[in-house]
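Visitor: Supplied in structure tokens, the structure appears directly below.
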């Protein structure tokens, strides 16, 4: 499928005839799939016991391509994707109790990022990670708390990405 670019002066450029390194631009554009999903509202969790994990229910914020979709609050992998790069950020807006960040593929934890000491409100980000995937896999963002009887507050916003998960198809 070709893509068209429309310039301000109404000139159209069709990607079906443009070649870069002996590859059609339309093929390059069709192979790009990336999605960022965000928490759209603030989220407050009250722990009743120690060692609790909580899945954040994310919604689509921005995407390019058609092979990544939102499913059950996570990002679902579409056809012909074998590897993805993941990055996430959780914006904790409480200094009393801060959770840690976990990324799951389906029901298995694939990344754990420990938050800094509980001294102030802050964001906790994961470093980019590359993982293998199959069609139908879903990537989720969780927070984790090792403290009982505390409230964890996570910042969400519908107009900007405070707490987010980004998945990019690599191959």
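Visitor: Would you say residue 139 is closer than 20 Å to residue 53 by Cα and modelled with pLDDT of 95 or more?
Guide: Considered against the rule, which asks whether it is closer than 20 Å to residue 53 by Cα and modelled with pLDDT of 95 or more, residue 139 comes out as yes.
Visitor: Among the residues in segment 46-69, are any closer than 16 Å to residue 141 by Cβ, assigned to a strand (DSSP E or B) and at pLDDT 95 or above?
Guide: Among the residues of segment 46-69, at least one is closer than 16 Å to residue 141 by Cβ, assigned to a strand (DSSP E or B) and at pLDDT 95 or above, which makes the answer yes.
Visitor: It is to be established whether one or more residues within segment 149-165 are within 13 Å of the chain's Cα centre (by Cα), modelled with pLDDT under 90, surrounded by fewer than 19 Cβ atoms within 10 Å (Cβ to Cβ) and part of a strand (DSSP E or B).
Guide: Checking segment 149-165: not a single residue is within 13 Å of the chain's Cα centre (by Cα), modelled with pLDDT under 90, surrounded by fewer than 19 Cβ atoms within 10 Å (Cβ to Cβ) and part of a strand (DSSP E or B).
Visitor: How many of the residues making up segment 70-91 are assigned to a loop (DSSP other than H, G, I, E, B) and within 16 Å of residue 108 (Cα to Cα)? Explain how you work it out, then say what you get.
Guide: First, pick out the residues of segment 70-91 that are assigned to a loop (DSSP other than H, G, I, E, B): 72-73, 78-82.
Subset that is within 16 Å of residue 108 (Cα to Cα): 72-73.
Here the count works out to 2.
Visitor: In segment 30-45, how many are modelled with pLDDT of 90 or more and either loosely packed, with under 14 Cβ neighbours inside 10 Å or outside any strand (DSSP E or B) (or both)?
Guide: Within segment 30-45, residues that are modelled with pLDDT of 90 or more and either loosely packed, with under 14 Cβ neighbours inside 10 Å or outside any strand (DSSP E or B) (or both) number 2.
The values are calculated or read from the model by the stated rules, or taken from the named source; none is laboratory data. Quick caveat: nothing in here was measured; it's all calculated off a predicted structure. Quick reminder, even Gly has a Cβ in these numbers, built from the backbone with ideal geometry, and neighbours come from all protein chains shown.
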